[in-house]
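First comes the structure, then the notes that go with it.
The values are calculated or read from the model by the stated rules, or taken from the named source; none is laboratory data. The model shown is predicted, which means the values in this text are computed figures rather than measured ones. Note: ideal-geometry Cβ built from the backbone for every residue, glycine included; neighbour counts use all protein chains shown. Keep in mind that these areas ignore ligands, DNA and RNA; they rest on the heavy atoms of the full protein, side chains included. Shrake-Rupley method; radii C 1.70, N 1.55, O 1.52, S 1.80 Å.
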Amino acid sequence: RRQKKTASHAVTELENNKDCSQAGKPLLCPSHPTEELRLFCEQCDQPVCRDCILGKHRQHPCDFTGNVIHRHGDALRELLKSSQQHMDTLEDVLSQVDEMGSAVRSRAEAVAAEICQFARGYVKAIEEHRDRLLKQLEDLKVQKENLLHLQKAQLQQLLLDLRTGVEFTEHLLMSGSDVEILVTKGVVSSRLAKLNSIAYSTHPSVDDRIQFSPHERAGQCCGYEVFGAILKVVDPARCTLHGEGLHSARQNQLSGFTLLCKDTTGERMGRGGEAVQVTFTHKDKRDCALKPTVCDNGDGTYCISYSPEEPGLYAVCVCVKGQHVQGSPFTLMVKHKFREHQGVFHCCTFCSSGGQKAARCACGGTMPGGYQGCGHGHKGHPGCHHWSCCGQVKESSECLCVPPSDTSQRSLLRTVAL
C-alpha cells in the first residue's frame, strides 16, 4: 500500500482466500488465451506458450519451465535470503532508532533541567549583584552626605563665630567708650584675626559624580561572571606613593616608584585612565630638565620611572587631576654615580706588601716595631678584610675616597700595585 501504483489495489491473504483452487489451475497465455504457459524465454525472461515461440519469440532461446525452474528458483532463493538479512538489519536499525529517540528525549529533559537550574542561578546572581550595587550606591551617597554635613557644620560654626565677633566688635565701636575700646582692642583684634586666618573651601567638599557602567566587568557572583559597576571616583588626597626611588637615586641610573590611586573611601581604584602629572625640578639648576615616564598598569597603579643626569636635590610633584597626592611634593636626593673601588680588597696592607714600611692603607693601620707577620694586630686595623683605597669593609660597597693629593696618590697607587 506504500507504492503509488498499488495503493488502491485490494490485497487479501492467500490462506483466507475462499477460492483456493485457483492456486492449482494452469496459467494461460495472455496473448493466446487457449494456450497454457509451459515454456520460458531466456532472452525475454518471461513464461511463454507454444504459439508465442512460433511468433515473436521465434529466434529466442526457450526451454520448458520444469527444466529452468531450479536455476531460477535458486537465484530467487538467494535473493530471498539476502532480503531476509536486510530485513533483520533494518529491524535492528529501527530498534536502535527507537532507542536513540528515547535517549534523545531523556537527554533533552536533562539538559532542560540544567538550563532551568542555570537560569535560576544566573537570576539569583544578578539579583545579588543588583543588591550589592544598590548597597554600594547607598554607601557612596551616605559618605558624600556625611562629608557635606561635616563641611556644613564646620562652615556654620565658623560663620557663627564670625557673626558673633563682628556683632561684638560693631557694638563695641558704637557703644563703647574710648577706654573700653582701647582695653578690649587686643583681644578683639586677636579673635578676629584668628577667625579670618581659618582656611576653608569655597566649594562643596564633594561633587555629584556617581556613574554606573553596565559594560564594566564586576567579577564573580555565585560562580557567575557579572557585569555592571559603579565607577569609582579617584581621590588625590588618598592616593599613595610607594617604592625605593621616592627619596634617593643614582646619577644616570634608572629608578622609579609606584603611584597607587584610591577612591574617596580609601579603596583601590582597580582601573586606570586617570590623568597623572609628574614633574622633577632641580633645586639648584632650574633649567635641568628631567622627563619621567608614566606607565598606566590598568589596575589603579602607575609606574613612574626616571633616569637623572644631574646629581643634587630635586623637588618632585605628583598630581592626579591637577591635585597633589598624599606625600606630594617631596624631595629627592640624586647621588653621584656609583664609584668603583680603585684599591684592593685584602686582609692587611702590610701583609699584601710583604712588610714594606712605605705601604699605606686607607684603614689607617700602622705597625709599630716593624712587621711581625700577618696577625691582624696592627694598630688601627679594622680586624677584617677591607678596601685599601677607602677602608670600606664591604666588598660590594661604593668607594668613599676623595681624590687625594699627588703625594697620597703615589702612595695609594703603590699600595694598589702591591
Cβ-Cβ distance below 9 Å, separation of 6 or more or different chains: which pairs start in region 214-229 with a residue that is within 9 Å of ALA125 (Cβ to Cβ) and end on one that is surrounded by fewer than 15 Cβ atoms within 10 Å (Cβ to Cβ) and hydrophobic (A, V, I, L, M, F, W, C)? TYR224/PHE118
Filtering strands (runs of 3 or more DSSP E) wholly in region 203-263 for at least 1 residues that are within 28 Å of GLN143 (Cα to Cα) and modelled with pLDDT of 85 or more gives 211-221, 224-231, 240-242, 255-260
Restricting to region 331-342, what's the tally of residues that are of a type outside the set (Val, Ile, Thr), assigned to a strand (DSSP E or B) and surrounded by 15 or more Cβ atoms within 10 Å (Cβ to Cβ)? 2
Check off (1) modelled with pLDDT of 75 or more; (2) in a loop (DSSP other than H, G, I, E, B) for PRO382 and give me the number that stays unchecked. (1)
ASP284 fails exactly one of (1) part of a strand (DSSP E or B); (2) within 18 Å of HIS247 (Cα to Cα), namely (1)
Identity of the residue in region 132-141, within 25 Å of the chain's Cα centre (by Cα) and open to solvent by 80 Å² or more (accessible area, probe 1.4 Å), that ends up modelled with the highest pLDDT: ARG132
Would you check if GLN326 is at pLDDT 75 or above and open to solvent by 30 Å² or more (accessible area, probe 1.4 Å)? yes
Check off (1) of a type outside the set (D, E, K, R); (2) in a strand (DSSP E or B); (3) within 30 Å of ALA218 (Cα to Cα) for GLY272 and give me the number that stays unchecked. (2)
Any strands (runs of 3 or more DSSP E) falling wholly within region 3-117 and containing at least 1 residues that are among the hydrophobic types (A, V, I, L, M, F, W, C) and open to solvent by 70 Å² or more (accessible area, probe 1.4 Å): 62-64
